[in-house]
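Reading through the structure tokens given below for one structure.
The values are calculated or read from the model by the stated rules, or taken from the named source; none is laboratory data. Treat the numbers as computed from the prediction; the structure is a model and nothing was measured. Positions of Cβ are generated from backbone atoms using ideal geometry, with glycine treated the same way; all protein chains shown enter the neighbour counts.
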Amino acid sequence: MKLFLTIQRDVVKRPLISQVVLETGVLINVERAHIDSNEGWVLIDIPEKEEVRITARFIELGVQVKKLENAVVHDEHECVECGACLSICPQEVFSFDQEFHLVIKEDRCILCGQCVCACPHQALSIRQ
Ligand code: SF4
Ligand code: SF4
């Protein structure tokens with residue numbers, strides 16, 4: 001499962017993720033991140049059973065934590081099932097079923113936004 005961490009200016013220079021890994025023993029996979037000298041955000045992937053423990057520890061350290069759910073918004077009325085999103089998504093979020101209907105595994109999404117740009121019918125958006 002994925003958590004979206006927002007890190008404010010006063011704690012951004014601390015090695016927060018390393019600290020949580022060392023303290024909890026939970027391996028944290030960093031999937032995307034943007035951090036500068038002032039603030040930043042990090043998208044992490046953790047085992048589902050560790051959600052409560054990891055979330056609580058980050059909050060104690062001054063990090064805002066949001067569980068990433070329903071990240072990909074798909075407008076079925078606009079979709080023409082052209083397959084452009086399948087081709088461009090780096091995480092294989094999209095596939096076709098046997099009837100060539102679009103299947104979306106949104107728990108794989110890393111919020112890169114490439115599918116939104118690629119869709120010729122503006123049928124996709126990303127909820128962050
Ligand atoms: S790119 Fe857009 S129109 Fe094409 S299959 Fe994906 S969501 Fe549907
Ligand atoms: S935002 Fe990126 S990772 Fe998520 S579904 Fe679109 S292309 Fe795939």
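Please go through (1) away from ligand 1 (no atom under 14 Å from the Cβ); (2) exposed (fewer than 14 other Cβ atoms within 10 Å of the Cβ); (3) at pLDDT 95 or above; (4) not charged (D, E, K, R) for Ile54 and return the number of the only condition it doesn't satisfy.
For Ile54, the exception is condition (2).
Looking at Glu81, Glu106, Glu76, can you tell me which residue is of a type in the set (D, E, K, R), within 15 Å of ligand 2 (Cβ to nearest atom) and not assigned by TED's automatic domain parsing to the domain that holds Ile46?
Result of the check over Glu81, Glu106, Glu76: Glu106.
Would you be able to say whether some residue in segment 72-89 is under 29 Å from Leu16 (Cα atoms), without any contact (Cβ under 8 Å) to a residue 40 or more places away in the chain and outside any strand (DSSP E or B)?
no
Suppose the filter is outside any strand (DSSP E or B) and of a type outside the set (Lys, Arg); does Val116 pass it?
Yes: the conditions hold for Val116.
Name the one entry in Gly62, Gly83 that is small (Gly, Ala, Ser), in contact with an Asp or Glu (Cβ under 8 Å, 6 or more places away or on another chain) and surrounded by fewer than 17 Cβ atoms within 10 Å (Cβ to Cβ).
Gly62 is the lone residue from the list that is small (Gly, Ala, Ser), in contact with an Asp or Glu (Cβ under 8 Å, 6 or more places away or on another chain) and surrounded by fewer than 17 Cβ atoms within 10 Å (Cβ to Cβ).
One line per residue, one yes/no per condition, for (1) exposed (fewer than 15 other Cβ atoms within 10 Å of the Cβ); (2) at pLDDT below 95:
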residue	(1), (2)
Val20	no, no
Asn29	yes, no
Ala33	yes, yes
Glu99	yes, yes
Leu102	no, no
Ala123	no, no
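Only one of these conditions is not met by Trp41: (1) surrounded by 13 or more Cβ atoms within 10 Å (Cβ to Cβ); (2) modelled with pLDDT of 95 or more. Which number is it?
Going through the list (1) surrounded by 13 or more Cβ atoms within 10 Å (Cβ to Cβ); (2) modelled with pLDDT of 95 or more, Trp41 breaks only (2).
Which of the residues that make up segment 1-22 are part of a helix (DSSP H, G or I) and either of a type in the set (Gly, Ala, Ser) or within 12 Å of Glu50 (Cβ to Cβ) (or both)?
Residues satisfying the conditions are Ser18, Val20, Val21.
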